[in-house]
Amino acid sequence: MNIHGQAALVTGGASGLGAATARELARRGARVAILDRNGAGARALAVEIGAANAIGIDCDITSADSVVQALETARAAHGVARLLMNIAGIGTARRIVGKDGAAAPLEDFRRVVEVNLIGTYNVTRLAAAEMLRQEPLAYGERGVIVCTASVAAFDGQVGQEAYAASKGGVVSMTLPLARDLAQFGVRVCTIAPGLFLTPLMAELPAPVQESLAASIPFPKRLGKPEEFAHLAASIVENVALNGEVIRLDGALRMAPR
C-alpha cells in the first residue's frame with residue numbers, strides 16, 4: 001500500500017519505537033494519529049511533526065471506550081485509518097517466586113497481559129472494523145496492521161514470564177488475524193524487536209548498555225528506533241507480506257539471564 005495520503009494510527013506513539021514510527025509514516029506522507037496514555041507527549045510530538053499531518057490523542061488501549069473515542073477523534077481529523085501500528089506496551093521482570101519464597105503478585109502478571117496482548121487485540125478489532133468498510137485499493141487492499149512482539153516471545157529470560165507470555169500471545173495471534181481479515185483485504189504482520197535504544201534502555205548505565213550491545217552478533221550495537229520504523233513502513237508497502245512475524249534483532253538469541 002502506498003503510505004502517502006493514508007490515515008494512520010500509532011499506539012504508544014509518544015516515545016520510543018512508536019514515536020519513530022509516527023515520524024517515519026508522516027515523512028512518507030501519512031496523516032498520523034498518535035495514541036498514548038501520555039496525551040501531553042503525544043500532542044507534543046504531533047506539534048513537532050506538524051499539525052497538518054499529525055494529531056495527539058489520549059488513549060488507554062485496554063479500555064474499549066477509550067479506544068472508541070480515540071478512533072472517533074482520529075477519524076474526524078484524518079478520515080478512517082487504513083494503517084494501524086500497535087506499538088504500545090509495558091515490560092516487567094519478576095521471578096514467579098522471589099528469593100524470600102513469596103509468590104509474585106498475580107496482578108503484576110495480569111496487568112502486563114492486559115496491556116500487551118488484550119490491548120493489542122482491543123485496538124485491532126475496533127480499527128479493523130472500520131478498515132473493512134472502506135473501498136478497496138490496488139490488489140483489493142483495505143488496510144494494514146502491524147503489531148509489536150519481542151524476541152522474549154521466543155527467548156524469554158528469567159523473570160520474564162509475564163512479558164514473554166504477553167508477547168508470545170501477539171506472535172500466536174498474528175497468523176489467525178491475517179487469515180481472519182484476508183477476506184476483507186486487510187494484512188497483518190508482527191515485528192519482534194530485540195535490544196533497542198528506547199528511553200527505558202537509555203536510563204541504564206553506559207556499561208550495561210555496552211554489555212547488552214556486545215551480546216548482539218551483528219551489528220554490535222543497540223537497535224535504533226528508526227530501524228524499527230523503517231521495517232514497519234516497509235511492511236505497509238510490500239503487499240506480499242502477510243501473516244508473518246519478523247525478528248529484528250541482529251541475530252540475537254537471548255541467554256537465560
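A few comments on the model shown:
- Peptide ranges 146-157, 11-22 listed from the most packed, as the mean C-beta count within 10 angstrom indicates: 11-22, 146-157
- Packing-based order for 79-85, 1-7, 228-234, 251-257, using average beta carbon neighbours within 10 Å, highest first: 79-85, 228-234, 1-7, 251-257
- A93 paired with E210, simple spin-label distance in nm, labels 7 Å along Cα-to-beta-carbon: 1.9 nm
- The Cα-based radius of gyration and maximum Cα-Cα distance (Dmax) for the stretch 1-99 are 14.4, 54 Å.
- Sorting 171-179, 66-74 by average packing, meaning the other beta carbons within 10 Å per residue, from highest down gives 66-74, 171-179.
- Extension gain from L175 to Q157, taking 0.36 nm per residue of separation minus the Cα-Cα distance: 4.0 nm
- Average projection area in nm² (convex hull over Cα atoms of the stretch 109-240, one quarter of hull surface): 9.1 nm²
- Extension gain (nm, one decimal) between D108 and Y139, 0.36 nm per residue minus Cα-Cα: 6.8 nm
- For the stretch 25-175, the share of DSSP beta bridges that are antiparallel, to the nearest 5, is 10%.
- Sorted from longest to shortest, the spans of the Cα atoms of the stretch 1-44 along the three principal axes equal 29, 15, 15 Å.
- Taking all Cα-Cα distances within the chain, those exceeding 28 Å account for 31%.
- Cβ-defined net charge surrounding V67, 15 Å radius [Lys, Arg +1; Asp, Glu -1]: -4
- From largest to smallest, the equivalent ellipsoid semi-axes obtained for the stretch 102-147 from the alpha-carbon gyration tensor read 36, 9, 4 Å.
- By the compact-protein rule of thumb, 2.2 N^0.38 Å, the alpha-carbon radius of gyration of the stretch 36-187 corresponds to a ratio of 1.18.
- Rounded Å value of the spacing that divides the Cα centres of the stretch 168-186 and the stretch 1-53: 24 Å
Every read-out reported here was derived from the displayed coordinates using simple, explicitly stated rules and does not represent laboratory data. Everything numeric in this text was worked out from a predicted model, so none of it was measured. Reconstructed Cβ throughout: ideal geometry from the backbone, glycine too, with neighbour counts over all protein chains shown.
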